[in-house]
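Everything below concerns the one structure shown next.
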Amino acid sequence: MPDHAEPSQTPNGVTHATRAGASRHRVEAVLFDFHGTLAQVEPAHDWVVAAAATCGVELERMRATALADRLLTAGRAGGPLPARVPPRLAELWADRDLYEHAHRAAYTGLAETVDAGIEGFAEALYERVLGPDGWVPYPDTAPVLTALRDAGVPVAVVSNIGFDIRPLFAAWGLADLVDAYALSYEVGRCKPDPGIFLRACGMLRVDPERTLMVGDTPADAGAAAAGCGVLVLPAAGPGRPSGLGSVLDLALPSP
């Protein structure tokens, strides 16, 4: 999953450089990052309790909270990044967004560094991330995607990720609002490599200079090297609006 370092921001959460770059040409298509932009992983406590339940274990609140804290320090798919990657996992970690097997092995390996005393727990934690119940779409995601579709503006999701997120969008009823997916493990490029953004533009058949990339990390701002405008928003917690409404101010013509 992508790194989530926060860029420097203006009071409204948009970097000066990205807002200026985004307005150079009329926007004809929008690219969105996934995690931290359209959806967020479920709260860590819920993640741990649900995974344990699939293993037949009901966790007390205090034990679940303690396990969640330790697992977050070890590193969770969807963030935060691990405090330390064991040497035996270093190669898998480096390749996690390029290969499905590396993504699974890296994150289950990190989870296994926490002794939870629950058989199959690491795999259950990872499986939780693969399904729609393990994520929370932001409340402004559906309205913004719908507005872009109604306006005839094509949309692609561009993500550093090691598994298919299309089933998540289908489960949330958003599949018809996304025209293409440029996923790092399928494309063979990771943000901020300009290649992944160019691939997304090619999928939508739009000129990069008339495309807006929307994300929440410096890696998303790599789209500028591909010629795209870039809008970097501050990351929001689960269930809170992520500021996507500002996309419509840039992408849709004024009435």
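The values are calculated or read from the model by the stated rules, or taken from the named source; none is laboratory data. A quick note: this is a predicted structure, and the numbers were derived from the prediction, not measured. Don't worry about glycine lacking a Cβ; one is built from the backbone with ideal geometry, like all the others, and counts go over all protein chains shown. Calculation scope for accessible area: heavy atoms of the full protein, side chains included, ligands and nucleic acids excluded. Shrake-Rupley method; radii C 1.70, N 1.55, O 1.52, S 1.80 Å.
What to note about this one:
- MRE, 222 nm, helices only [DSSP H, n ≥ 4, -39500 (n - 2.57), over the chain, to nearest 500]: -10500 deg cm²/dmol
- Built amide H within the under 5 Å cut-off of Val136, gap 5+: Gln40, Val41, Glu42
- Crossing angle, helix 194-204 versus the chain [Cα axis fit, 0-90 degrees, rounded to tens]: 70 degrees
- Against the empirical 2.2 N^0.38 Å (N residues), the chain has a Cα radius of gyration ratio of 1.02.
- In Å², nearest 10: area of Val27 left accessible to a 1.4 Å probe: 10 Å²
- The GluC sites (Glu not before Pro) of region 85-156 meeting both criteria, a DSSP state outside H, G, I, E and B (loop) and at most 15 other C-beta atoms within 10 angstrom of the site's C-beta, are Glu119.
- Euclidean distance between Cα centres, region 176-198 to region 121-145, Å: 19 Å
- Evaluated with a Cβ-only charge set (Lys, Arg +1; Asp, Glu -1), region 74-132 carries a dipole of roughly 200 debye about its Cα centre, given to the nearest 20.
- Region 44-132 - Kirkwood radius from inverse mean 1/r over Cα pairs (Å): 13.0 Å
- Rounded Å value of the spacing that divides the Cα centres of region 215-249 and region 46-108: 26 Å
- Remark: relative contact order (the chain) = 31 percent; criterion is Cα-Cα distance under 8 angstrom and separation of 6 or more residues.
- In region 44-132, the portion of solvent-accessible area held by carbon and sulfur atoms comes to 52 percent [1.4 Å probe, whole percent, DNA, RNA and ligands not counted].
- The chain: most fluctuating residue of Pro87, Pro154, Pro218 per GNM, C-alpha cutoff 10 Å: Pro87
- Karplus-derived 3J(HN,Hα), 6.51/-1.76/1.60, for each residue of region 59-76, Hz, glycine and proline x: 8, 5, 4, 5, 5, 5, 5, 5, 5, 4, 4, 5, 6, 5, 5, 5, x, 10
- Nonlocal amide H pairs with Leu231, under 5 Å, H built at 1.01 Å: Met213, Val214, Gly215
- Under 5 Å from the amide H of Val157 lie the amide H atoms of Phe32, Ala180, Tyr181, Ala182, each residue being 5 or more positions distant or on a separate chain, with H modelled from the backbone and absent for Pro and chain starts.
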